[in-house]
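For reference, the structure discussed in these notes is given below.
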Amino acid sequence: MIMIKIVKNPGLLREVALNDNATVADALSISGHDAEGMAITVNGVSGSVGTPLTDGATVTLAPNAKGNA
């Protein structure tokens, strides 16, 4: 069992327990969050729904930046 934190900007923090070998997709599923339109980082490094998680990891979801055309 691992414990991770999910931060959804702006301002939401949630801690969840997951099985070993869990991925970001597992964390999102159990927490009820959706990654659509969001940039994902794991411990400050760019990630994806397939990124594996370790105990104490922090997953951050932030709205994708939209550039000016």
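The values are calculated or read from the model by the stated rules, or taken from the named source; none is laboratory data. No experiment lies behind these values; they were computed from the predicted model shown. Reconstructed Cβ throughout: ideal geometry from the backbone, glycine too, with neighbour counts over all protein chains shown. Heavy atoms of the whole protein, side chains included, go into the accessibility calculation; ligands, DNA and RNA do not. Shrake-Rupley method; radii C 1.70, N 1.55, O 1.52, S 1.80 Å.
Scanning the stretch 13-46 for residues that are under 18 Å from residue 2 (Cα atoms), open to solvent by less than 50 Å² (accessible area, probe 1.4 Å) and of a type outside the set (Val, Ile, Thr) yields a count of 7. Of the listed requirements (1) touching a His at 6+ places or on another chain (Cβ under 9 Å); (2) modelled with pLDDT of 95 or more, residue 51 misses just one: (1).
Going through (1) in contact with a His (Cβ under 9 Å, 6 or more places away or on another chain); (2) at pLDDT below 95 one by one, residue 13 falls short only on (1).
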